[in-house]
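Chemist: Input: one structure, supplied below.
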Amino acid sequence: MAADGGMHAEHGPRFAERAPDALNNPQLRRNFRRAMDGLMAKRAAQFPDPAYWAELRERGAAVKARALAKLPDLLERLESRLTANGVQVHWAETTEEANAIVLGILQQAGARTVIKGKSMVSEEMHLNAHLERHGIEAVESDLGEYIIQLAGETPSHIVMPCIHKNKDEISDLFAEKIPGLERTGDVDELTAAARRVLRERFANADAGISGVNFAVAETGTLVLIENEGNGRLSTTLPPLHIAVTGIEKVVEYLDDIPPLLALLPRSATGQPITTYVNMISGPRKAGEKDGPTAVHLVLLDAGRSRVYQDVELADTLRCIRCAACMNHCPVYTRVGGHTYNAIYPGPIGKILTPQLQGLDAAGDQPHASTLCNACAEVCPVKIPIPDLLVRLRREAVRPTETPATHLPPLYSTVVKDGGAERSWTESLVWAGWRLVYTRPLLYRMVTRALAWGGNWVPADAPLMRDWTKARAKPRFKPRTLHDLARERGYLNEVPK
Amino acid sequence: MTTTNLAATNTAAAARPAARPDTVYFFGTCLVDMLYPEAGLAGMDLLRHAGVHVVFPEGQSCCGQPARNSGYVEEAREVARAQLDAFPSDIPIVVPSGSCAGMMKTHYAHLFEGDPDQPRAIAFAARIHELTAFFVNVLGVKLADKGAPVTVTWHPSCHSLREMGVSEEPKALLRQLANVTLVENKRERECCGFGGTFAVRQAAVSTAMVSDKLASVRETGAGTLLSGDCGCLMNIGGHAEKAGDGIRCRHIAEFLMERCHGG
Ligand code: SF4
């Protein structure tokens, strides 16, 4: 077996190595368990009728699948509509390029302070750090993001970034970091304190940066949903608005939005709809009293077009980032988001990270799953996550080569760093397994041998040791079912 | 990309034979074969008591899931192909495991994509039935309890729930038994943390999951945990045994056989 517990020198400890830290932190375990239980119950209450749910998610999946099928075309249409609306569109192949574009826009505008709405793509870019290195201060305005920014942490969840923290931890943090604030355990007071700080930032920010939930090609509309109003403020108050998003966020028609809106907040937080649904179609027009005077959209690839090339893996790009998969994941619930050591944790992260960052960096992630299917059961766009996990496990040991028809061949393997987890011992084990399990006689000989001597394997043998740490050793029975069936007179063939 | 290729979310509707079959195949599964043969035998005996002839082809071995789940898809396909050969007649194939049944029913079509045997694999998949669902939905069995009063709780495997769409059937069987009290555990639908090689590769997470599962079983006060999947039983039962807390973990077939036909 590949050494999942081993260190990959370049990438630090792997999932299995990181997990015990979280598992041994009872407070963290309680925080996640309570939060995920609540989210699951709220989501379930939103979809009481299984037939309605099935139909709605079918529509959601179809909308995204259609958009992806026409992706290059829709992106062009999006660009031309947005341009016509007065939005400047930028293309970034890598996160470095995206950072450079954003920085360039800000520098040109002479912006020194930025107020940010929540955006996972900006996390992917490590945008805040980049801006800070160039003397631009970016303040997160989503309460959760604000909290983790104060704490110097990264999001542990894609919708609720500070879900790993409880109220007491936040009280301590605020008392320490917000000047003049007495420690308080009162949630309203804490929220008010954050609001006071952020209001001032909103008023003085030179630019606002936000993400995008859906970009409509037909009309050139950027749809952004949120609950705190900070997204609206970030995108309307400062004179400059820069939206950053992945290329997979485009949908074809405005009519495609209602089913997605019916799915996203309900799947995410169990809300029928978010408090704010922002539909941004361009900068302030002549005669209008508010809104930014310039709006930019940065469309980021960062590995997505590579994902797009494989017909099966491309389903990954349907994701609308609702987080239902992680809310329902029994592994995520136990270890929390930071254990994944990636921007996108949980089931979606386990399929996305290895594809964006490569199997060398994240080839162990697809194995951090029991394939229990809880994620696939709730995914509003029907991404077959467990099947994709299996596919990536395969790509890690036996990569699909890029078809030679690609001229020039862009990559040698379909998934970045395909084959990174190859292990001779493991492939030998499976070759032997295949040999035995395809030859009935040999199979019966081997199973008999195990029935006779299998129990002599010591409890501390390699692999067995990992099992027996928490469980009794499995016991081979003296006679196999093959033996018992024959003894009891069951036929081997259907009588003619 | 398609929205139809969604094997993972398919809860395979039982392909019901029009009439009650008089002969079925039994696919024992490799785990049952070596570690829980008494559960397999009980499943076959129950079918026999229900008036069905049972054929146990000796050429059978494994559904191929362990290799597939490890990414060794070709190896899985060859082992799967051996099963296609071992069950040639067009009669139902009954499986005492929701997970192995799920592998065959929901993944064989994809496993054989581009392979000349794909049509055969699809036809084979359509004949797969999970044991408890077969009793309830196809045979409509009526059970008469002869055992002493006992309290049990139920653990469904993830694949039986979410691939085979079997959730109420086993509990309906248990509720037929007059002296059996079924107390559902709070985390019934949550994975026990087995996941094949996951239990070893991610030993710490797996342990956390199985101990939570056992805690929710303990909370029911039931002395017996029943399941239709031996992978889960090996995991939860092994953990209970190691913890020394006396909860018996058994395959439902064995339990039903003992209660209704004295073993
Ligand atoms: S994979 Fe599905 S469930 Fe998970 S975040 Fe994306 S859309 Fe939501």
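Chemist: Using a simple charge model, +1 on the beta-carbon of Lys and Arg, -1 on the beta-carbon of Asp and Glu, nothing else, what dipole does region A:1-144 show about its Cα centre, in debye to the nearest 20?
Modeler: On the way: 19 positive and 20 negative charges, 137 e Å.
In total the dipole reaches around 660 debye.
Chemist: Let me ask another. Once all Cα-Cα distances of region A:274-351 are split into 5 Å bins that start at 0, what whole-number percent is in each one?
Modeler: In whole percents, the pair-distance histogram is 3, 11, 15, 14, 14, 14, 11, 8, 6, 3, 1.
Chemist: Rg and Dmax in Å for region B:128-263, alpha carbons only: what are they?
Modeler: Reported Rg and Dmax, both Å: 14.6, 44.
Chemist: Now, a different point. Just to be sure I understand: of the beta bridges DSSP finds with both ends in the protein assembly as shown, what percent are antiparallel, rounded to 5? Spell out each step's value before the answer.
Modeler: Working: 10 of 55 bridges.
Bridges in the protein assembly as shown are about 20 percent antiparallel.
Chemist: Now, a different point. Using only the alpha carbons, work out the radius of gyration and Dmax of region A:312-419 in angstrom.
Modeler: Gyration radius and largest Cα-Cα distance of region A:312-419: 13.8, 46 Å.
Chemist: Estimate for me the total accessible surface buried between chains A and B (protein heavy atoms, probe 1.4 Å, no ligands or nucleic acids), in Å² to the nearest 100. Don't jump to the answer; show the numbers that get you there.
Modeler: On the way: alone 24750 and 12190 Å², together 29340 Å².
Buried surface at the A/B interface: approximately 7600 Å².
Chemist: Show that you can apply the helix-only estimate: for chain A, add -39,500 (n - 2.57) for every DSSP H stretch of four or more residues, divide by all residues, and state [θ] at 222 nm to the nearest 500.
Modeler: Working: 23 runs with 238 residues, N = 496.
Dividing the helical sum by the residues of chain A leaves -14000 deg cm²/dmol.
Chemist: Have a look at B:123, B:204, B:39 and tell me which one the Gaussian network model of chain B (Cα, springs below 10 Å) gives the largest fluctuation.
Modeler: It is B:204.
Chemist: How are the C-alpha pair distances of region A:240-305 spread across 10 Å bins, as whole percents from the shortest bin up?
Modeler: 16, 34, 39, 10, 0
Chemist: Three principal axis extents, largest first, for the C-alpha atoms of the protein assembly as shown, in Å?
Modeler: 90, 62, 49
Chemist: Also: Sort by residue number and report every cysteine in chain A with no other cysteine beta carbon within a distance under 4.7 Å.
Modeler: A:162, A:319, A:322, A:329, A:379
Chemist: Ignoring ligands and nucleic acids, what accessible area does residue A:486 show with a 1.4 Å probe (Å², nearest 10)?
Modeler: Its accessible surface works out to 120 Å², give or take rounding.
Chemist: With loop defined by DSSP as not H, G, I, E or B, and exposure as at most 16 other Cβ atoms within 10 Å, which is the longest segment of chain A clear of exposed chymotrypsin sites (Phe, Trp or Tyr not before Pro)? Don't skip to the answer; put the middle values down first.
Modeler: Numbers: sites that count: A:253, A:411.
The segment A:1-252 is the longest one with no such site.
Chemist: Between the helical axis of A:167-177 and the dominant principal axis of chain A, each derived from Cα atoms, what acute angle in degrees is found, rounded to the nearest 10?
Modeler: The angle comes out at about 50 degrees.
Chemist: Under 13 Å from the Cα of residue A:416, which aspartates and glutamates turn up, not counting those fewer than eight places away in the same chain?
Modeler: A:310, A:360, A:395, A:401
Chemist: What do you get for Rg/Rh of region B:16-137 when both radii come from the Cα atoms and Rh is the Kirkwood radius? Display every interim value, and only then the final one.
Modeler: Values: Rg = 13.7 Å, Rh = 14.4 Å.
Rg/Rh for region B:16-137 comes to 0.95.
Chemist: Turning to a different aspect of this structure: In debye to the nearest 20, how big a dipole does region A:441-496 give about its Cα centre with +1 on each Lys and Arg Cβ and -1 on each Asp and Glu Cβ?
Modeler: Numbers: 12 positive and 5 negative charges, 24 e Å.
Roughly 120 debye, rounded to the nearest 20.
Chemist: Continuing with this model, one more query. Placing one identical point scatterer on every Cα of region A:227-372 and ignoring solvent, what is log10 I(q)/I(0) from the Debye formula at q = 0.18 Å⁻¹?
Modeler: Relative scattering, expressed as log10 I(q)/I(0), comes to -1.23.
Chemist: Sticking with this structure for a sec: Can you give me the convex hull volume of the Cα atoms of chain B, divided per residue and expressed in Å³? Don't skip to the answer; put the middle values down first.
Modeler: Numbers: hull volume 33.5 nm³, N = 263.
Hull volume normalised by residue count: 127 Å³.
Chemist: About its Cα centre, what dipole magnitude does the protein assembly as shown give when the only charges are +1 on Lys and Arg Cβ and -1 on Asp and Glu Cβ, stated in debye to the nearest 20?
Modeler: Its charge dipole is roughly 1680 debye.
Chemist: Through the Karplus equation 6.51 cos²θ - 1.76 cosθ + 1.60, θ set to phi - 60°, convert the phi angles of region A:102-112 into ³J(HN,Hα) values in whole Hz; use x for Gly and Pro.
Modeler: Coupling constants for region A:102-112: 4, 4, x, 4, 5, 5, 5, 7, x, 6, 10 Hz.
Chemist: Any chance you could give the angle, 0 to 90 degrees and rounded to 10, that helix A:50-69 forms with the longest Cα principal axis of chain A?
Modeler: 70
Chemist: For helix A:346-357, report the angle its Cα long axis makes with the longest principal axis of the Cα atoms of chain A; keep it between 0 and 90° and round to the nearest 10°.
Modeler: With both axes taken from Cα atoms, the answer is about 80 degrees.
Chemist: So what is the calculated 222 nm ellipticity per residue for chain B, using -39500 (n - 2.57) for each DSSP H run with n of 4 or more, over all residues, to the nearest 500 deg cm²/dmol? Numbers along the way, then the final one.
Modeler: On the way: 13 runs with 113 residues, N = 263.
Here the helix-only value at 222 nm equals -12000 deg cm²/dmol.
Chemist: Let me ask you something else. Give me the orientation-averaged projected area of the Cα convex hull of region A:65-129, in nm², one decimal. Could you put the intermediate results ahead of the total?
Modeler: Working: hull surface 22.8 nm².
Here the figure is 5.7 nm², rounded to one decimal.
Chemist: Cα-Cα over 19 Å: which of A:382/B:186; A:350/A:473; B:105/B:142; A:116/A:289; A:469/B:213?
Modeler: Numbers: A:382/B:186 27 Å; A:350/A:473 30 Å; B:105/B:142 26 Å; A:116/A:289 22 Å; A:469/B:213 17 Å.
Table pairs above 19 Å Cα-Cα are A:382/B:186; A:350/A:473; B:105/B:142; A:116/A:289.
Chemist: Calculate the mean, over all residues of peptide A:385-395, of how many other protein chain Cβ atoms lie within 10 angstrom of the residue's Cβ. Please report the intermediate quantities before stating the final value.
Modeler: Numbers: counts 2, 9, 8, 1, 3, 9, 3, 1, 7, 7, 1.
Going residue by residue through A:385-395 and averaging, the value is 5.
Chemist: Find the Rg to Rh ratio for region A:424-492, where Rh is the Kirkwood radius over alpha-carbon pairs and Rg uses the same atoms. Show your work: numbers first, answer last.
Modeler: Values: Rg = 14.6 Å, Rh = 14.0 Å.
Using Cα coordinates only, the ratio equals 1.05.
Chemist: Same structure again: Select from A:16, A:349, A:280 the residue farthest towards the positive end of the dipole of the protein assembly as shown; place +1 on Cβ of Lys and Arg, -1 on Cβ of Asp and Glu, and compute about the Cα centre.
Modeler: Value computed over the given set: A:16.
Chemist: So for chain A, taking the charge dipole from beta-carbon charges (+1 Lys/Arg, -1 Asp/Glu), which of A:197, A:437, A:51 sits furthest toward the positive end?
Modeler: A:437
Chemist: Two decimals is fine: what's Rg over Rh for region B:114-189, C-alpha atoms, Kirkwood radius as Rh?
Modeler: On the way: Rg = 16.2 Å, Rh = 14.5 Å.
On the Cα set of region B:114-189, Rg over Rh gives 1.12.
Chemist: Using +1 at the Cβ of each Lys and Arg and -1 at the Cβ of each Asp and Glu in region B:179-263, identify which of B:225, B:194, B:262 lies farthest towards the dipole's positive end.
Modeler: Ranked along the dipole, the leading option is B:194.
Chemist: Checking understanding here: applying a Kyte-Doolittle mean of at least -1.0 and a length along the axis of at least 15 Å (C-alpha), which whole DSSP H helices in chain B pass?
Modeler: Working: long enough: B:37-49 (18 Å, -0.02); B:73-86 (20 Å, -0.51); B:203-220 (26 Å, 0.35); B:230-243 (19 Å, 0.25).
What comes out of the filter, once short or polar helices are dropped, is B:37-49, B:73-86, B:203-220, B:230-243.
Chemist: On a full-extension model of 0.36 nm per residue, what is the gain between residue B:172 and residue B:120, subtracting their alpha-carbon distance, rounded to one decimal in nm? Intermediate results must be reported in sequence, preceding the final value.
Modeler: Values: separation 52, 0.36 × 52 = 18.72 nm, distance 3.32 nm.
Contour length minus Cα-Cα distance gives 15.4 nm.
Chemist: Now for a different question. Per-residue mean of other chain beta-carbon atoms within 10 angstrom of the beta-carbon, peptide B:63-70? Mind showing how you got there, number by number?
Modeler: Numbers: counts 1, 4, 1, 3, 6, 4, 8, 11.
Going residue by residue through B:63-70 and averaging, the value is 5.
The values are calculated or read from the model by the stated rules, or taken from the named source; none is laboratory data. All values derive from a computational prediction rather than experimental measurement. Positions of Cβ are backbone-derived with ideal geometry, glycine not excepted, and every protein chain shown enters the neighbour counts. With ligands, DNA and RNA removed, areas are computed over all heavy atoms of the protein, side chains included. Shrake-Rupley method; radii C 1.70, N 1.55, O 1.52, S 1.80 Å.
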